[in-house]
Every structure is written in structure tokens, then in C-alpha cells.
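Below is one structure, written out as C-alpha cells; the observations come after it.
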Amino acid sequence: RKGLPHAIDALAGLPPETSLAVVGEACARERREAARRAESAGVARRVHFVGRDEVAGYYAAADILVLPTSHDPWGIPVIEAMASGLPVVTTRAAGSAPELERAGAGLVVDTAEPGELRGALAHLLSDPARRAAMGRQGRLAASRFTARARAELTLEAYERLRAAGRTTRRPLPRPASGAG
């Protein structure tokens, strides 16, 4: 679902100094399949499975986050990368893709097809100034998604409701007898 096979296939057409750090937990079967795919694509030495420890360190060390997802209702790694100042390449299937585009913090491709993905990655890899600008824009835009910012928006919504005169409360349903 996250598109690792597509990322591996895209890596095969990128400069040989480009590598892919796979951050996250995968079951043993998925990891074996990805390792086989990397081997057959000729990039096994350039794909590194690193688990989930110190995710922030990987964001800090990376040039780009790639999330070629086929389905992701929100895409938290996209927002985390933006907050870290890391430009992103993802697909339209990432729920956070519109936020990424609005912020100008990365590139959104229509599909995870390796050629399209490779083109977007190559474009950003060849333009450090654009990556830096996207990183700055992403960090600024991601500030809207902090816990504090979300809490303030919630309080503002309550204040608007109160100001509109909607102060009556409906009682909560009582649990059935014997429940809880």
C-alpha cells in the first residue's frame, strides 16, 4: 500500500549515488519481497531497511521523502517530513497531497508508476535550491498541524458556536442496565 516496490523500481533509474532508506516496520515476508525486488532491479546495495528507531534522524539526513502510496487516507509521513523541512514526492492517493501542493512543499505525481516517480525524484535531486525552498515552505505549512494549533482551532469552533447562541446541550444516552 505504501508503494515500496515502486520506489525501488524508480531508484533503479536514478544516479548510482542515490539510495533509499526504508523507514518503518514491515513483516518478514514484505521485507524479503522488497529485498528480492531490489536485487533483481540491481539496486540491492542502495536500499537500506532501517526499522522505526529515530525516525526524526532519518528525516534530517534525507534529501527527499518519497511516499508512492496507492491508498493512504491522510499520509502522516508527508506532514512529518514537511515539519522537518524535508521536501516530499508522493501520489494523489495520499490524503495529505493537497496540503503538500498548497504549501509548495513537494511534488505530487498522478500515479506511482516508476517512470513518473523517477522523473519527479530526478527533478528534485538535481535542484538543491528548490528542495531547500520546498523544505522551508513545508515547515511553515506544517505548523498548522501541531497539537497546539489543532486545539486552538477546536476552541475557536466552540467559541463560534457559543457566540451563535448554541449553548443548549443534549444529554448523553445512559448506558443500558448492567453495562459498565
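The values are calculated or read from the model by the stated rules, or taken from the named source; none is laboratory data. Just so we're clear, the structure is a prediction, and the values are computed from it rather than from any experiment. Counting neighbours? That spans all protein chains shown, and the Cβs are built from the backbone with ideal geometry, glycine included. Keep in mind that these areas ignore ligands, DNA and RNA; they rest on the heavy atoms of the full protein, side chains included. Shrake-Rupley method; radii C 1.70, N 1.55, O 1.52, S 1.80 Å.
Quick rundown of the values:
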| read-out | value |
| --- | --- |
| Extreme residue, nearest to residue 73 (Cα to Cα), among residues of the stretch 1-19 that are of a type in the set (A, V, I, L, M, F, W, C) and within 15 Å of the chain's Cα centre (by Cα) | 4 |
| Enumeration of residues in the stretch 117-131 that are in a helix (DSSP H, G or I) and either polar (S, T, N, Q) or out of contact with any His (no Cβ under 7 Å at 6 or more places or on another chain) (or both) | 118, 119, 120, 121, 122, 123, 124, 125, 128, 129, 130, 131 |
| All strands (runs of 3 or more DSSP E) inside the stretch 1-116 with 1 or more residues being modelled with pLDDT under 95, at positive phi and surrounded by fewer than 17 Cβ atoms within 10 Å (Cβ to Cβ) | 47-51 |
| Residue within the stretch 121-133 that is over 19 Å from the mean Cα position of the chain (by Cα), farther than 23 Å from residue 18 by Cα and open to solvent by less than 80 Å² (accessible area, probe 1.4 Å) present | no |
| Qualifying residue in the stretch 132-150 (condition: touching a Pro at 6+ places or on another chain (Cβ under 8 Å), within 23 Å of residue 8 (Cβ to Cβ) and not in a loop (DSSP other than H, G, I, E, B)) | no |
